[in-house]
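Let me begin by presenting the structure, written as structure tokens, before commenting on it.
Laboratory data are not the source of any read-out in this text; all were calculated from the coordinates shown. It should be emphasised that the depicted structure is a prediction, and the values quoted were computed from it without experimental measurement. So basically every Cβ, Gly included, is an ideal-geometry build from the backbone, and we count neighbours across all protein chains shown.
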Amino acid sequence: LQTLRPIQLAHKYFELFPEQKDPLWQNPCDDRRHRDIWSRDKTCGHLPKFLVIGPQKTGTTALYLFLLMHPSIISNLPNPKTFEEVQFFNGNNYHKGIDWYMNFFPTPLNITADVLFEKSASYFHSEDAPKRAASLIPKAKIITILIDPSDRAYSWYQHQRSHEDSTALKFNFYEVIASNDGAPSELKGLQKKCLIPGWYAVHIERWLKYFPSSQLLIIDGQQLRSDPAATMDGVQKFLSVAPHYNYSDALTFDPQKGFWCQLLDGGKIKCLGKSKGRKYPPMDQESRAFLSNYYRDHNVELSKLLHRLGQPLPSWLRQELQKLR
Ligand code: A3P
């Protein structure tokens, strides 16, 4: 019998079992054997009870702000590197381990009533996030927001231009979405990132492989934008949070911003910043037609999926389906 020093032993282990190099974290408190050797200084109360998974540009920040207004809902502490979002389940941060993740969550004052959550808008289309999230927080509820994927793509493109992405500044929207295989790789890369999150049914099916549909809420982003109080009533019901918070009294429509905003004590109004609800020209007709065609099959699949889940179709989807008749 032979042994090695810990680090060498670890190297040896992964040489023998290379498939285990990619970790899949589980909740240490779910298994007695793990709980027993888990440090006393640690708790499993630092894990979220729900995730807002995106996709980007559908109103995720507005939902985040509205959720924070609720007295029992508490978000993660910001990650300065990723514009507040933790982005744990989708990328390399996952390899930093669950202590790294748990440190983003404050200790809830009332462990039974307080509901921790995080919003990372790129979880939605991530290949890895559903499996990883289901392994660590299998009971978590999952919230996604959908708007017309064509509008989402256009908003995303405008976002890239505002952030001075050189490719988005160089090419117009139609050139980005309609670029063909011979196009420069930077343009193809931007096109993928712009269009793929809009394959809604593909991504939702991936989440449903790991989470039961009763744990998934699909929000109509158009309703979130036009009637957030009604949307937030649905969200509260889905999350079973108490007390019931009356968003009708706490939100006000700001005509200057053109969006619903938070009404603060003393009558002041807090809207989202300039980067949310940007002013830009409407999408050109050629791009609209291209995208309507591009997303046709994906939208048909989404309608079947919503039908299966017993959910109503959002109005943009009904309009897209009517174009097929
Ligand atoms: P635009 O800036 O293209 O209009 P996200 O937060 O996921 O990045 O989404 C940004 C989008 O949220 C905005 O896109 C805007 O249309 C939408 N939105 C919905 N409700 C909003 C609100 N109350 N305030 C600001 N933007 C809101």
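Results, tabulated for the structure shown:
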| item | result |
| --- | --- |
| Electrostatic dipole magnitude of region 28-134 [Cβ: Lys, Arg +1; Asp, Glu -1; Cα centre; debye, to 20] | 100 debye |
| Relative counts (whole %) of C-alpha pair distances in the chain, using bins that are 10 Å wide | 5, 23, 31, 24, 12, 4, 1, 0 |
| Choice from Leu16, Leu65, Leu309 with maximal GNM fluctuation in the chain (Cα, 10 Å cutoff) | Leu16 |
| Potential extension, Ile111-Asp22 segment - 0.36 nm per residue separation minus Cα distance | 28.8 nm |
| Ellipticity estimate at 222 nm from DSSP helix runs (n ≥ 4, -39,500 (n - 2.57)) divided over the chain, nearest 500 | -12000 deg cm²/dmol |
| Relative contact order %, the chain, counting alpha carbon pairs below 8 Å whose residues are six or more apart | 18 percent |
| Region 196-233 and region 253-309: distance between their alpha carbon centers, rounded to Å | 14 Å |
| Under 5 Å, built H, 5+ apart or other chain: amide partners of Cys261 | Thr252, Phe253, Asp254 |
| Efficiency of FRET between Tyr13 and Lys304 - r from beta-carbon atoms, R0 51 angstrom, step 0.05 | 0.65 |
| Efficiency of FRET between Ala183 and Glu127 - r from beta-carbon atoms, R0 30 angstrom, step 0.05 | 0.80 |
| Signed unit charges on C-beta, dipole axis of region 225-324, positive-most listed residue Leu239, Tyr294, Pro228 | Tyr294 |
| Set of lysines near Lys193 by C-alpha distance (under 18 Å), chain-local residues within fewer than 8 positions excluded | Lys57, Lys170 |
| Cβ-isolated cysteines (cut-off 4.7 Å), the chain | Cys194 |
| Per-pair calculated FRET efficiency, R0 = 35 Å: Lys209 and Ile37 via Cβ, rounded to 0.05 | 0.65 |
| Hz values of 3J(HN,Hα) by residue in region 181-189 - Karplus curve (6.51, -1.76, 1.60), Gly and Pro given as x | 4, x, 5, x, 5, 4, 6, 4, x |
| Helix axis angle, 200-210 relative to the chain longest principal axis, alpha carbon, degrees | 20 degrees |
| Within a Gaussian network of the chain (alpha carbon springs, distance under 10 Å), most fluctuating of Gly258, Gly189, Gly310 | Gly310 |
| Debye intensity ratio in log₁₀ form over the Cα atoms of region 59-218, taken at each q of 0.13, 0.16, 0.19, 0.20 Å⁻¹ | -0.72, -1.05, -1.34, -1.42 |
| Lysines whose Cα lies under 24 Å from that of Lys12, excluding same-chain neighbours fewer than 8 positions away | Lys21, Lys96 |
| Rg/Rg_ref, region 246-324, where Rg_ref = 2.2 N^0.38 Å and atoms are Cα | 1.57 |
